[in-house]
Amino acid sequence: MDNFVVSARKYRPTGFDEVVGQEHITTTLKNAIDSNKLAQALLFCGPRGVGKTTCARIVARLINGFEEKTELNSLNIFELDAASNNSVDDIRNLIDQVRYPPQFGKYKVYIIDEVHMLSNAAFNAFLKTLEEPPSYAIFILATTEKHKVIPTILSRCQIFDFNRIQISDIAKHLKKVADRESIPAEEEALHLIAQKADGALRDALSIFDLMVTYSSGKGITFSDVINNLHILDYDYYFKVVDGLLSENHTTPLLLLDEILRHGFDGQNFITGLSEHFRNLLVSQDARTVQLMEVPESVKNKYSKQAKATSPSLLLSWLSIANQCDINYKMSKNQRLSVELALMKMAHVQSVLNLRSTEQGESSKKKVLTVPQP
Ligand SMILES: Nc1ncnc2c1ncn2[C@@H]1O[C@H](COP(=O)(O)OP(=O)(O)O)[C@@H](O)[C@H]1O
Ligand SMILES: [Mg+2]
């Protein structure tokens, strides 16, 4: 068997231009390095799998002027995972190492991952070194939980906030990897993987690998991803809305039954349906269509369905769905609460119409009762 290297490792960027979706950070870091103004203590904050360690390694490589292909263990990088090495002794070991200048290159770069996990004593032992590091030492601290980092550390670091990565950017990156691996992949399938990854590129690449294995290299299809990741096909939402639009609750109730029988959770369905309503709302105006993170082909579907709805109807549906979502956990009969919401949605249109005719009549009456001069 070939030595299989997971995509997340195989495609770790070695230069800033390959880093996806963190331009505000890569530009600042690049400029700081080019102008020799890099701080000696940096703090990288942000969710997991968005490029913190990757950027730390790139910084280490660039400030030493090493080649892109340089092996990790000769980059003058020392990585400490504070999640599992959080004692005073671990930090003392590190501080001892800091005393010795680098044997080659100009800088030694210390990456302390999950720095918020360090014990209080370890933090304190570390402070002095952080405050007055030798000229050749750069500290890059990384954390997923900035609020847990003590203020004395925060105030000594230059802080970089990493973003979650946008679905469309992740999908584009996956497409590049698929092309490089010569694996055919449907655009909607990659989009779905990107959506599931919830902003983390590492997760997206892991799911991608899983789907490649599943399809045994034949290619990644939308339906494979739907089935494997247990994602509710958005076609269901389009069908539910078609039913609601005809002011008939039968179809939506039957669809709900089918969805629940496939093992999906009622609350998941309601929040997914809310998202669908929101997408229809933004599809009504060409200027807000771009707020929707779906592939082009799906955008057209939304635009078409959006034409059959009105903002007031969508807002009514959204508020019914929202109420159902809020009360869901407390409800004794959760299925019924979702069914009830669907029935309300199906008939809210006629209630709205009724009200507007009533209002129309009462305003007519008012006009009629205005005393004649
Ligand atoms: N912004 C990004 N651009 C390109 N690849 C990324 C990015 N973020 C994560 N990755 C991919 O995910 C893997 C893990 O990223 P890493 O930098 O270790 O994440 P973090 O340290 O933020 O948890 C990388 O090897 C790379 O393949
Ligand atoms: Mg990391």
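About the Cα centre, and with charges only on the beta carbon of Lys, Arg (+1) and Asp, Glu (-1), how big is the dipole of the chain? Nearest 20 debye, please. Mind dumping the intermediate values first?
Values: 42 positive and 44 negative charges, 177 e Å.
Dipole size: approximately 860 debye.
Which entries of K218/K304; K30/K108; K69/K148 have Cα-Cα distances beyond 24 Å here? All intermediate terms of the calculation are to be shown ahead of the outcome.
Working: K218/K304 33 Å; K30/K108 18 Å; K69/K148 36 Å.
From K218/K304; K30/K108; K69/K148, over 24 Å: K218/K304; K69/K148.
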Quick calc of log₁₀ I(q)/I(0), the chain, Debye, one scatterer on every Cα, no solvent, q values 0.10, 0.11 1/Å, result -0.82, -0.91
With θ set to phi - 60° and the Karplus curve 6.51 cos²θ - 1.76 cosθ + 1.60, what are the ³J(HN,Hα) couplings of region 260-276 in order, to the nearest whole Hz, using x for Gly and Pro? 5, 5, 7, x, 7, 8, x, 5, 4, 4, 5, 5, x, 5, 4, 4, 5
Dipole of the chain, positive end: most advanced residue of A142, N322, P47 [Cβ charges, Cα centre]: N322
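Could you state the accessible area per residue of the chain in Å², with a 1.4 Å probe and every protein chain left in place? Walk me through the numbers on the way to the answer.
Details: 20310 Å² over 373 residues.
On a per-residue basis, 54 Å².
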Would you work out the charge dipole size for region 154-274 about its Cα centre, treating the Cβ of every Lys and Arg as +1 and the Cβ of every Asp and Glu as -1, and quote it to the nearest 20 debye? 560 debye
Under 5 Å from the placed amide H of Q158, counting only residues 5+ away or on other chains, we find A41, L42, L43
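Run the accessible area of the chain with a 1.4 Å probe and give the carbon-and-sulfur part as a rounded percent. Provide the component values of the computation, followed by the final result.
Values: 10570 of 20310 Å².
Its accessible area is 52 percent carbon and sulfur atoms.
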For 167-180, 275-288, ranked highest to lowest by mean beta-carbon neighbours within 10 Å, the order is 167-180, 275-288
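Could you give the alpha-carbon Rg of region 215-293 over 2.2 N^0.38 Å, rounded to two decimals? Don't skip to the answer; put the middle values down first.
Numbers: Rg = 14.7 Å, N = 79, 2.2 N^0.38 = 11.6 Å.
Against the empirical 2.2 N^0.38 Å value, I get 1.27 for region 215-293.
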Rounded to the nearest 10 degrees, the helix 23-34 long axis (Cα) sits at an angle to the longest Cα principal axis of the chain of 20 degrees
Based on alpha-carbon positions alone, could you give the equivalent ellipsoid semi-axes of region 167-229 from the gyration tensor, as √(5λ), descending, whole Å? 15, 13, 10
Cα-based Rg / Dmax (Å) for region 7-161: 14.6, 39
In sequence order, calculated HN-Hα J values of region 178-185 (Karplus, 6.51, -1.76, 1.60; Hz; x Gly/Pro): 4, 5, 5, 8, 6, 10, x, 8
Peptides 190-198, 340-348 ordered by average Cβ neighbours within 10 Å, highest first: 190-198, 340-348
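Determine the alpha carbon to alpha carbon distance for each of K176/K196; K172/K196; K307/K329; K239/K329 and list only those over 22 Å. Please list the in-between numbers first.
Working: K176/K196 18 Å; K172/K196 15 Å; K307/K329 34 Å; K239/K329 26 Å.
As for pairs spanning more than 22 Å Cα to Cα, those are K307/K329; K239/K329.
The values are calculated or read from the model by the stated rules, or taken from the named source; none is laboratory data. Every value quoted in this text rests on a predicted model; they were computed, and no experiment measured them. So basically every Cβ, Gly included, is an ideal-geometry build from the backbone, and we count neighbours across all protein chains shown. Ligands, DNA and RNA are stripped out before the accessible areas are found, and what is left, the full protein with its side chains, is counted by its heavy atoms. Shrake-Rupley method; radii C 1.70, N 1.55, O 1.52, S 1.80 Å.
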